[in-house]
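See structure below.
The values are calculated or read from the model by the stated rules, or taken from the named source; none is laboratory data. Not measured: the values here are computed from a predicted model. Cβ placement follows ideal geometry from the backbone for every residue including glycine, while neighbour counts extend to all protein chains displayed.
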Amino acid sequence: MRAFFDAVEVFFEHLASVGWAALGIALVLHFAKVALRVVAWRNILKASYPDRRVPRSSVFGAYVAGVGINSIAPARLGDVVKIFLVKRRIPDSGYATLAPSLLVETIFDFVVATGLFLWAAAIGALPSTEAIRGRTSIDWSWPFRHPNVTFVIVALILVTGLYLIAVAAHRIEEFWARVAQGFAILRDRGAFVRGVVLWQAASWVFRLASVYWFLKAFHISATVHNALLVQVVDSLSTLIPFTPGGAGTKQGLIVVILSGEASRTALLSFSVGMNIALVAFNVVLGFAAIAVMARTLDWRGLAKTAEAEAKART
């Protein structure tokens, strides 16, 4: 994280040169992206609970609250808060069904992110392992230096997760039925395409458009090609959520992957500036939603309550 704070210092030194109009456009496009994703998640929830009311405003509030918390907390704690808040607005809903709904939401994202990664690899845009090892600013170099240990750790996590799921399923007869309920929309291919894929495809357009305008705001060559590369970096930096929003990882990777487009200081200013703007925007929006829906700003307390309730039910 030291490299991240060094990059922040570089950003503030270049603050006067930021294109504020372009920055504002980027944030508006980012908001539109989030709003489109809310529609997709609500459609997933409606398919899971077809006989119950799924309020638009409550789903929006819960979703943006989760986005805000994920911007400042590692390990996707925002998703826990997101589920906790929406559970209280959908009558008789349960964590075993709501949690899978978030997995359904990531299916299309995974396909697109994988496609972008393969595209970046095919054109030789991804940094080599040696380049990554040489960048101490990238906070995930340890897994690259110890691939065998990393594989064992990941395998243990997966096995442990599967074991815990099996234990939960054994203890509760209806567990798998409730889990399957969260995947209900997948049983209707047309509904999944219309209700999720199309909305998320639109959100990806706005996501890339937002990155394009961030590039313009920080005077980096604004092209679709560079916007796609930045998005590849964003996807890679969140694979291992050790830091909030992949802070540190993004800065190191952007310097490597866009090295021919601008100076190192300009790229650091861009990566940090975009990160700060998005975090600030997400946090303000997210905490406003938490204050309205839960009448508190203690998101850690909400997360602990959600985890305790989920354990009590399994």
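Values computed for the structure shown
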| read-out | value |
| --- | --- |
| Residues of segment 186-225 that turn out to be of a type in the set (Val, Ile, Thr) and over 20 Å from residue 34 (Cβ atoms), as a count | 4 |
| Meets criteria (among the small types (Gly, Ala, Ser), at pLDDT below 90, in a helix (DSSP H, G or I) and surrounded by 17 or more Cβ atoms within 10 Å (Cβ to Cβ)) for residue 96 | yes |
| Qualifying residues in segment 35-73 (those that are closer than 19 Å to residue 183 by Cβ and touching a Leu at 6+ places or on another chain (Cβ under 7 Å)) - the one surrounded by the fewest Cβ atoms within 10 Å (Cβ to Cβ) | 54 |
| Residues that are among the polar types (S, T, N, Q) and within 20 Å of residue 99 (Cα to Cα), drawn from segment 179-206 | 181, 200 |
| Any hit, segment 39-55, residues being at pLDDT below 90, in a loop (DSSP other than H, G, I, E, B), out of contact with any strand residue (DSSP E or B) (no Cβ under 8 Å at 6 or more places or on another chain) and of a type in the set (Val, Ile, Thr) | no |
| Subset of segment 35-53 (residues that are in contact with a Ser or Thr (Cβ under 8 Å, 6 or more places away or on another chain) and within 14 Å of residue 63 (Cβ to Cβ)) | 36, 37, 40, 41, 44, 45 |
| Any pair with Cβ under 6 angstrom, 6 or more apart, that starts in segment 199-223 at a residue that is without any contact (Cβ under 8 Å) to a residue 12 or more places away in the chain and ends at one that is buried (at least 19 other Cβ atoms within 10 Å of the Cβ) and of a type in the set (A, V, I, L, M, F, W, C) | 222/215 |
| Single residue of 118, 164 found to be in a helix (DSSP H, G or I), surrounded by fewer than 16 Cβ atoms within 10 Å (Cβ to Cβ) and at pLDDT 75 or above | 118 |
| Check on residue 171, at pLDDT below 60 and out of contact with any helix residue (DSSP H, G or I) (no Cβ under 9 Å at 6 or more places or on another chain) | yes |
| Breaking point among (1) modelled with pLDDT of 85 or more; (2) at negative phi, for residue 219 | (2) |
| Residue list for segment 267-287, filter: surrounded by fewer than 19 Cβ atoms within 10 Å (Cβ to Cβ) and free of Cβ contacts under 8 Å to residues at least 60 places away in the same chain | 280 |
| Residue selected from segment 74-83 under the condition more than 17 Å from residue 288 (Cβ to Cβ) and in contact (Cβ under 8 Å) with a residue 40 or more places away in the chain, by the criterion surrounded by the fewest Cβ atoms within 10 Å (Cβ to Cβ) | 75 |
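Quick grid of which residues meet (1) surrounded by 16 or more Cβ atoms within 10 Å (Cβ to Cβ); (2) among the small types (Gly, Ala, Ser); (3) part of a helix (DSSP H, G or I); (4) at pLDDT below 85:
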| residue | (1), (2), (3), (4) |
| --- | --- |
| 139 | yes, no, no, yes |
| 159 | no, no, yes, yes |
| 196 | yes, no, yes, no |
| 202 | yes, yes, yes, no |
